[in-house]
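S.K.: There's a structure below that I have some questions on.
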Amino acid sequence: MRKPFIAGNWKMNMTPSEGRAFAAELDKALKHTPVRIAVAPPFITIPAVVEVLKHSSIQVASQNMADHESGAYTGEVSPAMLKDAGVSVVILGHSERRSLYGETDAVVNAKLHLALKHEFDVILCVGETLEERESGKLEEVLKRQIVEGLKGVNGHAMSAITVAYEPVWAIGTGKTATPQDANDAHAFIRTVVEGLYGKSVAESLIIQYGGSVKPSNVSDLMAMEHIDGALVGGASLTLEQFVPIVTFDAR
Ligand code: PEP
């Protein structure tokens, strides 16, 4: 039985004061929810949110992490800094990091190894562009991102890893993959993971869907066999939308 995991990626939104106030409201609204929940504030907002959520079951995630331990990497934030600040989950390989900041599978893989070394849970994001989907490359792209992203990771470490399937064309566009299309992609990801680590790792892997998840589509998505959670961008920024997503109607 896979426990649903819903994470909100705040992207470059929420100042420390806004994040503090919002996290307090969220905590109040989501007490006793049977779903695993995380929020990923911008780096500078993390300490304020950790302070508010320190006694909450809502976890604090980071949206990114450096690919080095420390040193002359201007503008980067190290694993030790995130650990010390109270972060427990790191999101790696988000499509905006890949497309806007040139993160390759190799960089994502280096970050993932560092994150595991520092005992973070990881959300590894994968997903195809519209062009890749339309040219029949969906499976090739997903397989490459999974195999390269997880290179050198052993099966025991897989319990710390969640995969987020986020078709790039559905992120922030209002277009959602149909539940069937998303489920097919998730099933394929599970098959790739089974090829790497065997059936039991693949069956316990949590695979989130991301891409314009909203209160109106979350239940249909979550009803699918291989969809175990959601990575939510825009709709994670208001209580009106994020609360009903987290408390979706389980069918
Ligand atoms: C995301 O950024 O991970 C995301 C899925 O964004 P949105 O929900 O806004 O499409």
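S.K.: Any idea which of 189, 171 is under 16 Å from residue 221 (Cβ atoms) and modelled with pLDDT of 95 or more?
M.R.: Answer to the selection: 189.
S.K.: Next question. If I filter segment 190-211 down to residues being outside any helix (DSSP H, G or I) and of a type outside the set (Ser, Thr, Tyr), which single residue comes out as farthest from residue 128 (Cα to Cα)?
M.R.: The extreme case among them is 198.
S.K.: Determine if segment 111-125 includes at least one residue that is within 26 Å of residue 187 (Cβ to Cβ), assigned to a loop (DSSP other than H, G, I, E, B), under 18 Å from the mean Cα position of the chain (by Cα) and not aromatic (Phe, Trp, Tyr).
M.R.: No - not one qualifying residue is present in segment 111-125.
S.K.: Mind checking which residues of segment 140-168 are crowded, with 21+ Cβ neighbours inside 10 Å and of a type in the set (Gly, Ala, Ser)?
M.R.: 149, 164
S.K.: What are the residues in segment 200-221 that are more than 14 Å from the ligand (Cβ to nearest atom) and under 24 Å from residue 19 (Cα atoms), if any?
M.R.: Result: no residue meets the conditions.
S.K.: Same structure again: All but one of (1) in a helix (DSSP H, G or I); (2) more than 15 Å from the ligand (Cβ to nearest atom); (3) farther than 18 Å from residue 37 by Cα hold for residue 224, so report the exception by its number.
M.R.: Tallying (1) in a helix (DSSP H, G or I); (2) more than 15 Å from the ligand (Cβ to nearest atom); (3) farther than 18 Å from residue 37 by Cα, residue 224 fails exactly one: (1).
Listed here are the residues, each with its yes/no results for (1) touching a residue at least 60 places away in the same chain (Cβ under 8 Å); (2) open to solvent by 50 Å² or more (accessible area, probe 1.4 Å).
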residue: 4; (1), (2): yes, no
residue: 12; (1), (2): no, yes
residue: 21; (1), (2): no, yes
residue: 24; (1), (2): no, no
residue: 27; (1), (2): no, no
residue: 52; (1), (2): no, no
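S.K.: I'd like to verify a number: residues in segment 229-247 that are more than 11 Å from the ligand (Cβ to nearest atom), touching a residue at least 40 places away in the same chain (Cβ under 8 Å) and either open to solvent by 10 Å² or more (accessible area, probe 1.4 Å) or of a type in the set (Gly, Ala, Ser) (or both), how many?
M.R.: 4
S.K.: Criterion first (in contact with a Pro (Cβ under 9 Å, 6 or more places away or on another chain), in a helix (DSSP H, G or I) and within 16 Å of the ligand (Cβ to nearest atom)) does residue 177 satisfy it?
M.R.: no
S.K.: Taking segment 227-251 on its own, how many of its residues are in contact with an Asp or Glu (Cβ under 7 Å, 6 or more places away or on another chain) and either farther than 21 Å from residue 169 by Cα or in a helix (DSSP H, G or I) (or both)?
M.R.: Result for segment 227-251: 1.
The values are calculated or read from the model by the stated rules, or taken from the named source; none is laboratory data. These numbers were taken from a predicted model, which means no experiment stands behind them. FYI the Cβ positions are ideal-geometry reconstructions off the backbone, even for glycines, and counts take in every protein chain you see. For the accessible areas, the whole protein counts, side chains as well, though only heavy atoms, and no ligand, DNA or RNA atoms are used. Shrake-Rupley method; radii C 1.70, N 1.55, O 1.52, S 1.80 Å.
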